[in-house]
Amino acid sequence: MFWYEEDVKKVEEIKKKVLNPRTIVYGSSSIRLWSSLSEDLEGYSPINMGFGGSTLPACITYFDRLMDGLNPEIFILYAGDNDLGDGRHPEEVLIFFKQMVVDIRNKFGEIPLLYLSIKPSIKRFNIIDQIKYSNKIIAAAIQKMDSQVYFVDVYGKMMGDNNYPNRDYFNTDGLHMNQQGYQIWKEIVVKFMKDHNIALPQKK
């Protein structure tokens, strides 16, 4: 996994600049490219720890290294998209997701853990059935986990009326989102946390 090294080093540089982040947002380039994250989740003191092209196995591999010294109160994860794009089966994605949850729990205890569903995209519409099935089995698995693991559906609101990904939310590559797409994510995530009373504990 040496090909991730440069991006991982960039995340380590971000860690040096963001003091005492209380919410970790971790995952692939859909996280890394969320340039308005600090403003969008301002009330949650977030740090953007996305690194380009990452899969769930990559997130697992670099987890201990990147999380060293952090003590978050909320954890948000987006990964699995690239796994399917690389040809992994939904069942494999589920296995790695479960391992990721174990690692987060072992490191940080039972803090709120939000998993953002795999988004639909124009570029990967040829595997839309695998995306839908992966989301389905991950959501089902989360139902059997502790009450602080949450499935956050971003898929539904990114689909257009014609049952095709809404082009308004994507860059020209058909894979990565534009600012309008991230505005949808902001609205979904913030509303979800408010609806589920997920908030940062008051500092003593």
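Key figures
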| read-out | value |
| --- | --- |
| Lone unmet requirement of (1) over 20 Å from F170 (Cα atoms); (2) buried (at least 22 other Cβ atoms within 10 Å of the Cβ) for P21 | (2) |
| Of the criteria (1) closer than 20 Å to S45 by Cα; (2) in contact (Cβ under 8 Å) with a residue 24 or more places away in the chain; (3) assigned to a loop (DSSP other than H, G, I, E, B), which one M145 fails | (1) |
| Matching residues, segment 61-116, being under 25 Å from I131 (Cβ atoms) and among the acidic types (D, E) | D81, D83, D86, E91, E92, D103 |
| Total residues in segment 97-130, condition closer than 26 Å to M159 by Cβ and in contact with an Asp or Glu (Cβ under 6 Å, 6 or more places away or on another chain) | 2 |
| Within segment 48-57, considering residues that are in a loop (DSSP other than H, G, I, E, B) and crowded, with 22+ Cβ neighbours inside 10 Å, the one modelled with the lowest pLDDT | S54 |
| From I142, I138, I127, residue being out of contact with any Lys or Arg (no Cβ under 7 Å at 6 or more places or on another chain), β-branched (V, I, T) and more than 26 Å from E73 (Cβ to Cβ) | I127 |
| Among the residues listed as E91, E110, the single one being in contact (Cβ under 8 Å) with a residue 40 or more places away in the chain and loosely packed, with under 15 Cβ neighbours inside 10 Å | E91 |
| Check on I184, free of Cβ contacts under 8 Å to residues at least 40 places away in the same chain, under 16 Å from L41 (Cβ atoms) and surrounded by 13 or more Cβ atoms within 10 Å (Cβ to Cβ) | yes |
| Boolean, R88 is of a type in the set (K, R) and within 28 Å of G174 (Cα to Cα) | yes |
| For D83: the one exception among (1) surrounded by fewer than 21 Cβ atoms within 10 Å (Cβ to Cβ); (2) of a type in the set (D, E); (3) assigned to a helix (DSSP H, G or I) | (1) |
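Condition check ((1) in contact with a strand residue (DSSP E or B) (Cβ under 6 Å, 6 or more places away or on another chain); (2) more than 21 Å from D7 (Cβ to Cβ); (3) not in a helix (DSSP H, G or I)) across all residues:
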site	(1), (2), (3)
C59	no, no, no
N71	no, yes, yes
L77	yes, no, yes
G87	no, yes, yes
I95	no, yes, no
M100	no, no, no
K119	no, no, yes
I122	yes, yes, yes
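Every residue, every condition in (1) more than 18 Å from the chain's Cα centre (by Cα); (2) loosely packed, with under 13 Cβ neighbours inside 10 Å; (3) of a type outside the set (A, V, I, L, M, F, W, C), yes or no:
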position	(1), (2), (3)
K132	no, no, yes
Q148	no, no, yes
K157	no, no, yes
D161	yes, yes, yes
P165	yes, no, yes
D168	yes, yes, yes
L175	no, no, no
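The values are calculated or read from the model by the stated rules, or taken from the named source; none is laboratory data. Worth saying up front: this structure is predicted, and the values here are computed from it rather than measured. Note that each Cβ is placed from the backbone with ideal geometry, even for glycine, and that neighbours are counted across all protein chains shown.
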